[in-house]
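Novice: Here it is, the structure, as structure tokens.
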Amino acid sequence: MSGHSKWAKIKHQKGVNDAKKGMIFTKLAKNITLAAKEGGGDLNMNFILRLAVSKAKDVNMPSENIERAIKKGVGGDEKSNVQRVSYEAMLGNVGLIVDCQTDNPNRTVAEVKHILEGNGAKMVGQGSISWNFEEKGIVTVRPQKVVKSEKYGAPDSFADVDRETLELELMDIEGVEDLEEGTGYDEENSQNYSTIEIYTNKTALKNVSTEVEKRGYRVETFSLIKLPKEKKVVSEEEGNKAQNLVELLEENDDVDEVWLNI
């Protein structure tokens, strides 16, 4: 399952330049606005909004940007007409799902189609690819436990815990389907650290992430992902072509996520 998450890739990337960060913030703002538009602006009542805000905080999006995006979604100073659209495509034997957030679907489909056809891929009908994917939840946990500060106003700290003991405890949580090793990157100290990736079904994600936090463990991020039920094995050349296409698609402001069956 490793390599599934675009946000994990963004999070662990060193030295993101200002232009790239601005593009990421634009996509995240759309994500937050849509979530607020669909389910309201209360983070405690709208779990999808919590997911969107978690992604934004994960890449240090300013709080005022987050608040402005929520306000737009619930009909504040300006109303949002952003909507979700998905397209499916084939690049040789590689199937892709391109999830977008747009205020102009006609523009978006034309731009996505242009990128696909310009790189040897073709758009296919709805359901041609998506039948092979299922939504899963993922919770990324750092093997540390919160230590509450004894001094008022001082930040909490974190203490390392035994990984094997933690994994056994996590597997006992209802809704956890699988665990995998992962890696994070600490920008402040310029070093990698190990994580545990918890996989759940879509409906269990909220309860699992809440339970892990309740037990005091350090949750790095949580999100919904799309995983292929059946994967294609491709050559290095085919894999490079697919990766290049994904990067070109992700440069488009309307493209939120790209999922592959390899």
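Novice: Using per-residue counts of other Cβ atoms within 10 Å, averaged over each peptide, order 49-58, 28-37 from highest down.
Specialist: Most protected by this proxy first, the peptides run 28-37, 49-58.
Novice: So for the stretch 134-227, taking the charge dipole from beta-carbon charges (+1 Lys/Arg, -1 Asp/Glu), which of Pro155, Tyr193, Val176 sits furthest toward the positive end?
Specialist: Farthest towards the positive end: Pro155.
Novice: P(r) of the stretch 125-173 in 10 Å steps, Cα pairs, percent per bin?
Specialist: 19, 28, 22, 16, 11, 4
Novice: Just report the Cα centroid separation between the stretch 65-123 and the stretch 152-230, whole Å.
Specialist: The distance from the Cα centre of the stretch 65-123 to that of the stretch 152-230 comes to 29 Å.
Novice: Then there's this: As a test of the formula, what do you get for the chain when each DSSP H run with n ≥ 4 contributes -39,500 (n - 2.57) and the sum is divided by the residue count, at 222 nm and rounded to the nearest 500 deg cm²/dmol?
Specialist: Working: 8 runs with 99 residues, N = 262.
After summing the helix terms and dividing by residue count, I get -12000 deg cm²/dmol.
Novice: Rounded to the nearest 0.05, what FRET efficiency is calculated for Glu238 and Gln191 with R0 set to 35 Å and r the Cβ-Cβ distance? Walk me through the intermediate numbers first.
Specialist: Numbers: r = 34 Å, r/R0 = 0.96.
The formula returns an efficiency of 0.55 here.
Novice: Please work out how much length the chain gains when fully extended from Val161 to Leu224, using 0.36 nm per residue of separation minus the C-alpha to C-alpha distance, in nm with one decimal. Before the final figure, lay out the partial values.
Specialist: Working: separation 63, 0.36 × 63 = 22.68 nm, distance 2.65 nm.
Extra length available between Val161 and Leu224 comes to 20.0 nm.
Novice: If you don't mind, there's one more thing I want to ask. Quote to one decimal, in nm, the extra length available between Met123 and Glu169 on full extension: 0.36 nm per residue of separation minus the C-alpha distance between them. Present the calculation step by step, with values, prior to reporting the outcome.
Specialist: On the way: separation 46, 0.36 × 46 = 16.56 nm, distance 4.45 nm.
Extending this stretch completely gives an extra 12.1 nm.
Novice: I'd like the FRET efficiency for Ser86 and Ala154, computed as 1/(1 + (r/R0)^6) with the beta carbon distance as r and R0 of 45 Å, rounded to 0.05.
Specialist: Working: r = 46 Å, r/R0 = 1.02.
Once the sixth-power term is evaluated, E becomes 0.45.
Novice: Right, next: For the chain, compute Rg over Rh where Rg is the Cα radius of gyration and Rh is the Kirkwood radius from the inverse mean 1/r over Cα pairs. All intermediate terms of the calculation are to be shown ahead of the outcome.
Specialist: Details: Rg = 19.2 Å, Rh = 19.8 Å.
When Rh is taken as the Kirkwood radius, the ratio is 0.97.
Novice: Turning to a different aspect of this structure: On full extension of the chain, what length is gained from Met23 through Leu248, given 0.36 nm per residue of separation minus the C-alpha to C-alpha distance?
Specialist: On the way: separation 225, 0.36 × 225 = 81.00 nm, distance 1.31 nm.
The span from Met23 to Leu248 would gain 79.7 nm if fully extended.
Read-outs: derived from the displayed coordinates by stated rules, not from any lab. In this text, all values refer to a predicted model and were calculated from it rather than measured experimentally. Using ideal geometry, Cβ is built from the backbone for each residue, glycine included, and neighbour counts are taken over all protein chains shown.
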